[in-house]
Amino acid sequence: MPDNPQPADESRHLVRYTPGGFSSELIARASGSFLHTESGRKILDFTSGQMSAILGHSHPEIVATVRRQVGELDHLFSGMLSRPVVDLARRLADTLPEPLTRALLLTTGGEANEAAIRMAKLVTGGHEIVSFSRSWHGMTLGAAGATYSAGRKGYGPAAPGNFVLPVPNAYRPDFTTATGGLDWQRQLDFGFELIDAQSTGSLAACLVEPILSSGGVIEPPTGYFAALRDKCRERGMLLILDEAQTGLCRTGSWYAFERDGIVPDILTLSKTLGAGLPLAAVLTSDEIEQRAHERGFLFLTTHVSDPLVAAVGNTVLDVLQRERLDERAAVLGAFLRARLDRIAERHTAVGDIRGRGLLMGLELAADPESGHSADQLGARITQRCLELGLHMNIVQLPGMGGVFRIAPPLTATEDELSLGLSILDKAIGDAA
């Protein structure tokens, strides 16, 4: 044995699955908006876990549902149905505009996007998929092929037929108007000119997020998605919207796509649907489901239509509807935005504030006063926030400053938001 043994590394038997590494503290429990470490520290959670726990941690109604359901019916053969599953499918359809009436219940966002891609390929007869250049849709083959923000290097060829659309980023425009603003129509036209040049005539779908979260909380301008839908229709493609992080009230409406007056051909949900438990859904029309069924659509997984998590999904809908959390997210989102704008006024290191409802982004710029780059500042601010009792997540991608993703639970209070923002304000000042 060494003369001075060091404390055991708690993660020494774990595969490291993220370049950023693991947190230095073990989390012992969580409640509402707060995490509690084994050492006794209390940390305010400004990411809702993995952007999922929209009702906060250990919500009493979810706890009660899990305890009840696990003692009655937790798992079934994939071809069997249960009351929680058929109820959740019907209730999800009731929250959506026509013609989104059919649901497939799965576990993760990656799995839901995989199923949506397979369905689109089968129904259209094509295989080519278009996605944003800063997208994140999952880590399985089809979803990873449509993911461009990270994870492409070193794994060999992706699924064939994946094409990129440039992201319409108003803060960093590439195509500009005469006044210097983003010319998104010209950018979109140019993007599809390149896609048409590369396509073998086998375009199947466009898979995009209404607000790119892992891509830096970028929201395309009003009118963009209607124009994108028209581009898809001209080419016989399906429009798939991935609302893993934006669906179910987070942006101040039930679904982020409602702002644009469109309805996707296929919608995928995950994260927020299970409020922290593994539940996802693919929703589409009777017509598309019928065509897929006639062509032998196959997507069997071990946990498709599991009753335990479906029961949780029904409880999530109960709470969202009863407490009108879409309206609450809009009100709290306005409060959050106003306070973030004040922080931006005080710190030259803050370049942009953007987002909708309780999904906000704060983009850092290089700080001329300190001389720090945005990446250096982001790392310092993130660490300082954690030291002060606030968990923040930062996205760092080439071509943009570090972007903090701010996504507290919809059940958070104004006092909790104020606490987190005061910590963030101090951390920015300390780091810069």
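If you go through segment 285-302 and keep only what is of a type outside the set (D, E, K, R), open to solvent by 20 Å² or more (accessible area, probe 1.4 Å) and closer than 25 Å to residue 205 by Cα, you end up with 290, 293, 296, 297, 298, 299, 300, 301. Looking only at segment 24-37, filter to residues that are in a loop (DSSP other than H, G, I, E, B) and in contact (Cβ under 8 Å) with a residue 12 or more places away in the chain; which one of those is surrounded by the most Cβ atoms within 10 Å (Cβ to Cβ)? Among those residues, the one meeting the criterion is 33. Name the single residue, out of those in segment 207-231 being of a type in the set (A, V, I, L, M, F, W, C) and buried (at least 20 other Cβ atoms within 10 Å of the Cβ), that is nearest to residue 172 (Cα to Cα). Step by step, filter segment 207-231, then rank; the result is 218. The single residue among 268, 251, 246, 272 that is crowded, with 24+ Cβ neighbours inside 10 Å, within 15 Å of the chain's Cα centre (by Cα) and assigned to a helix (DSSP H, G or I) turns out to be 272.
Among residues of segment 138-186 being more than 27 Å from residue 113 (Cα to Cα) and either at pLDDT below 95 or of a type in the set (D, E, K, R) (or both), the one that is least open to solvent (accessible area, probe 1.4 Å) is 183.
Yes or no: residue 89 open to solvent by less than 20 Å² (accessible area, probe 1.4 Å), over 30 Å from residue 28 (Cβ atoms) and either touching a Ser or Thr at 6+ places or on another chain (Cβ under 9 Å) or assigned to a helix (DSSP H, G or I) (or both)?
Numbers: open to solvent by less than 20 Å² (accessible area, probe 1.4 Å): no; over 30 Å from residue 28 (Cβ atoms): yes; either touching a Ser or Thr at 6+ places or on another chain (Cβ under 9 Å) or assigned to a helix (DSSP H, G or I) (or both): yes.
Judged against the criteria, residue 89 is not a match.
Contact map, segment 396-416: first residue of a type in the set (S, T, N, Q), second residue open to solvent by 10 Å² or more (accessible area, probe 1.4 Å) and modelled with pLDDT under 95, Cβ cut-off under 6 Å, separation 6 or more or different chains; pairs are 396/375. Number of residues in segment 38-82 that are open to solvent by less than 20 Å² (accessible area, probe 1.4 Å), under 15 Å from residue 314 (Cα atoms) and either among the acidic types (Asp, Glu) or part of a helix (DSSP H, G or I) (or both): the value is 3. Taking the conditions (1) surrounded by fewer than 24 Cβ atoms within 10 Å (Cβ to Cβ); (2) of a type in the set (Gly, Ala, Ser); (3) touching a strand residue (DSSP E or B) at 6+ places or on another chain (Cβ under 6 Å) in turn, residue 305 satisfies each one other than (1).
Listed here are the residues, each with its yes/no results for (1) under 28 Å from residue 412 (Cβ atoms); (2) not in a helix (DSSP H, G or I).
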| position | (1), (2) |
| --- | --- |
| 287 | no, no |
| 299 | no, yes |
| 304 | no, yes |
| 312 | yes, no |
| 326 | yes, no |
| 330 | yes, no |
| 333 | yes, no |
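The values are calculated or read from the model by the stated rules, or taken from the named source; none is laboratory data. Quick caveat, the model's predicted, so the values are computed rather than measured. Positions of Cβ are backbone-derived with ideal geometry, glycine not excepted, and every protein chain shown enters the neighbour counts. Protein only, heavy atoms only, side chains kept; ligands, DNA and RNA dropped before computing areas. Shrake-Rupley method; radii C 1.70, N 1.55, O 1.52, S 1.80 Å.
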